[in-house]
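Student: Supplied in structure tokens, the structure appears directly below.
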Amino acid sequence: LVCAVKYAEAFDKDRGKVSLLNLHFFAGYSIERVFYLALGGIAISSMAALKENAYIIMALIALFLFLFFIREGWYRGLIDRLKRPDREFIVPILEGLFLVLVVLVVFSLFYTGNLLDISGMKAAVEKALSHWYEMHRIERMGGPYFFYLARIALYELPVLVFGVLGMFYYGFCDRKKEKLLAVLLSYWVVVDIMYLIAQSYPGAGKFLPTTYVQSSILIFLPLLVLGIFGVVYIKNRFIAFLVFWALSNFFIYSYVQEKVPWLVLNPLLPLVLIAAAYLGELLPGLNLRSRKGAAVVIFLLISSSFMVHSSLLLNYENYTDPAEPMIQASQPPQKFSEVLTKISEVTSQYRNQSTEIQITDVNLETPFLWYGRHYSNIKWRVDLDAEFNAPLIVVHDSEETVTEADVMQRNLGSDYIRLDSAKMSWYWFQLSDITPEYILWRKMNRPPDEYRFVLFYKPVTK
């Protein structure tokens, strides 16, 4: 985006100002444009190689550029210009081809090591898209349609409220706002009625779109439409882009069943900028003595205080607590550190990092491959019927009546001490969890689900 802005600035410069001391221009052409095109192409290729959602970003940017092309009316007279092209028409086309060439070359180098390997690039794109499709299909990290909406409301409440108000403020005049709000509310009422009918009368639900269309599409489709119309009708180009970017990202990620907390940043960032711009125009002209002015200030203070409170809870108190929705479930709970401390303590009594460690649970390879990277004598995937005599033994635990850990404890005898732990913990949130205690302090009335394991260790007795 920075490269696009700098390219636009260079595009608008006076190309007639040529100076021997100023190499920005050559024969009336800004060399800066080539530099920013090349840098932008490298950035796009790097994004494709480094960011998991790069293809979604590129698709949305392409859609925005297409809508912007329509908004600016650049299609008018296009056929005539193709028949009689001039310099102002040819140069941007050549620049576009140059940008595509840079993207392809750098992308090919990243994925194949060759300068321009078309088949290798095609295979890389197909694998990336098929991975996203498969993760969406199996719902590897699925979640409800309000997954990101709930997190924005919980952690960024003033941004959500003033961001939405800002979209209405910049996007539509007063009369259109009322009509739009009425249409949106009517649509959502109809959708809600369809869901109630489908739940109450399953037979009738077969004839309703709620049975066949994913809920995120059915509920949030008007937001995508608003984002598209915003590009065409909002006068301020930057605000038009922010509205489109916020609503389109929110729609896409609410639909994709690969929901992780950090992807909330995609719709949140433009929403922050819209809220800031709207407050910047609202507050200076606000009459604090009026009811409206007092209500705005009071809400802003309360919601901002709640936002700071939520941030402090997340970052300094509950940073390993899965009750915080922004905590990813794959993060080990706090008690996992006790296992690492005990391993370090016991190995220091034997052969330090050469001490033998036996691990039976194959699902523990992910954390222990990293945390045990300095230990050279780890035995992986040890069969339960094998001989266990290592100073440290790691076994899977479960909720069954008799677990692998219980059997291991009986076989090992009294020489070993048992330490229960878990590699990850999580909550499947329910509507009943939404209580004042949870909203304010993240207090849950039930323990989290866990993937548990047991460490058996044999300390050296003196």
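Student: Which condition number does residue 17 fail, the rest of (1) outside any helix (DSSP H, G or I); (2) at pLDDT 70 or above; (3) not aromatic (Phe, Trp, Tyr) being met?
Tutor: Against the list (1) outside any helix (DSSP H, G or I); (2) at pLDDT 70 or above; (3) not aromatic (Phe, Trp, Tyr), residue 17 comes up short only on (2).
Student: May I pose another question? Could you list, ordered by first residue, the pairs with Cβ atoms under 6 Å in which the first is in the stretch 410-433 and under 23 Å from residue 385 (Cα atoms) and the second is among the polar types (S, T, N, Q), at least 6 apart or interchain?
Tutor: 418/409
Student: Could you tell me whether the stretch 356-368 includes any residue that is in a loop (DSSP other than H, G, I, E, B), of a type in the set (Val, Ile, Thr) and surrounded by fewer than 13 Cβ atoms within 10 Å (Cβ to Cβ)?
Tutor: Within the stretch 356-368 (the criterion being in a loop (DSSP other than H, G, I, E, B), of a type in the set (Val, Ile, Thr) and surrounded by fewer than 13 Cβ atoms within 10 Å (Cβ to Cβ)), the answer is no, since none of the residues qualifies.
Student: On to the next question. So which residues in the stretch 332-355 are part of a loop (DSSP other than H, G, I, E, B) and either over 35 Å from the mean Cα position of the chain (by Cα) or surrounded by fewer than 17 Cβ atoms within 10 Å (Cβ to Cβ) (or both), if there are any at all?
Tutor: The answer is 334, 335, 348, 349, 350, 351, 355.
Student: Taking residue 281 as the residue in question, decide whether it is under 28 Å from the mean Cα position of the chain (by Cα), on the phi < 0 side of the Ramachandran plot, among the charged types (D, E, K, R) and at pLDDT below 95.
Tutor: Taking the combined requirement at face value, the residue does not satisfy it.
Student: Look at residue 138 and say whether it is of a type in the set (A, V, I, L, M, F, W, C) and either over 19 Å from residue 255 (Cβ atoms) or surrounded by 12 or more Cβ atoms within 10 Å (Cβ to Cβ) (or both).
Tutor: When the stated conditions are applied, residue 138 does not pass them.
Student: Checking residue 257 against (1) under 29 Å from residue 198 (Cβ atoms); (2) surrounded by 20 or more Cβ atoms within 10 Å (Cβ to Cβ); (3) not aliphatic (A, V, I, L, M), which single condition isn't satisfied?
Tutor: So residue 257 meets the others, but not (2).
Student: If you scan the stretch 92-122, which residues turn out to be touching a helix residue (DSSP H, G or I) at 6+ places or on another chain (Cβ under 9 Å) and over 19 Å from residue 42 (Cβ atoms)?
Tutor: Result: 92, 118.
Student: Oh, and also: Name the pairs whose Cβ atoms lie under 6 Å apart, with the first residue in the stretch 96-124 and more than 29 Å from residue 32 (Cβ to Cβ) and of a type in the set (Asp, Glu), the second in a helix (DSSP H, G or I) and at pLDDT 90 or above, and 6 or more positions between them or separate chains?
Tutor: Note: pairs meeting the criteria are 117/108.
Student: Let me ask something else. With the structure loaded, tell me whether residue 137 is in contact with a helix residue (DSSP H, G or I) (Cβ under 9 Å, 6 or more places away or on another chain), in a helix (DSSP H, G or I) and among the charged types (D, E, K, R) or whether it fails that test.
Tutor: no
Student: Suppose we keep only residues that are assigned to a helix (DSSP H, G or I) and within 21 Å of the chain's Cα centre (by Cα) within the stretch 314-331. Which one would you say is surrounded by the fewest Cβ atoms within 10 Å (Cβ to Cβ)?
Tutor: Per the criteria, the residue is 315.
Student: For the stretch 62-70, state whether one or more residues are in contact (Cβ under 8 Å) with a residue 40 or more places away in the chain and exposed (fewer than 15 other Cβ atoms within 10 Å of the Cβ).
Tutor: yes
Student: Take residue 308 and tell me if it is outside the structural domain of residue 419 (by TED's automatic domain parsing), at pLDDT 90 or above and either over 27 Å from the mean Cα position of the chain (by Cα) or closer than 30 Å to residue 445 by Cα (or both).
Tutor: So residue 308 passes the test.
Student: What number goes with the only condition from (1) of a type outside the set (Gly, Ala, Ser); (2) in a helix (DSSP H, G or I); (3) at pLDDT 95 or above that residue 393 does not pass?
Tutor: Failing condition for residue 393: (2).
Student: Can you tell me how many residues within the stretch 427-445 are in a loop (DSSP other than H, G, I, E, B) and surrounded by 10 or more Cβ atoms within 10 Å (Cβ to Cβ)?
Tutor: 7
Student: Select, from 172, 98, 89, the only residue that is surrounded by 11 or more Cβ atoms within 10 Å (Cβ to Cβ) and within 29 Å of residue 282 (Cβ to Cβ).
Tutor: 172
Student: Output the number of the condition that residue 125 fails; it satisfies all remaining conditions of (1) in contact with a helix residue (DSSP H, G or I) (Cβ under 7 Å, 6 or more places away or on another chain); (2) surrounded by 13 or more Cβ atoms within 10 Å (Cβ to Cβ); (3) under 21 Å from residue 52 (Cα atoms).
Tutor: Only one criterion in (1) in contact with a helix residue (DSSP H, G or I) (Cβ under 7 Å, 6 or more places away or on another chain); (2) surrounded by 13 or more Cβ atoms within 10 Å (Cβ to Cβ); (3) under 21 Å from residue 52 (Cα atoms) is unmet by residue 125, namely (1).
Student: Then there is this: Identify, by number, the condition in (1) in contact (Cβ under 8 Å) with a residue 60 or more places away in the chain; (2) over 28 Å from residue 245 (Cβ atoms); (3) not polar (S, T, N, Q) that residue 165 doesn't meet.
Tutor: So the condition that residue 165 fails would be (2).
Student: If I ask for residues that are among the aliphatic types (A, V, I, L, M) and surrounded by 13 or more Cβ atoms within 10 Å (Cβ to Cβ), which ones from the stretch 286-312 would you list?
Tutor: Passing the criteria: 286, 294, 296, 297, 300, 307.
Student: Scan the stretch 250-279 for residues that are within 18 Å of residue 228 (Cα to Cα) and of a type in the set (Ser, Thr, Tyr) and jot them down.
Tutor: 253, 254, 255
The values are calculated or read from the model by the stated rules, or taken from the named source; none is laboratory data. Since this is a predicted model, take the numbers as computed values, not measurements. Here the Cβ is made from the backbone with ideal geometry for all residues, glycine too, and neighbour counts use every protein chain on show.
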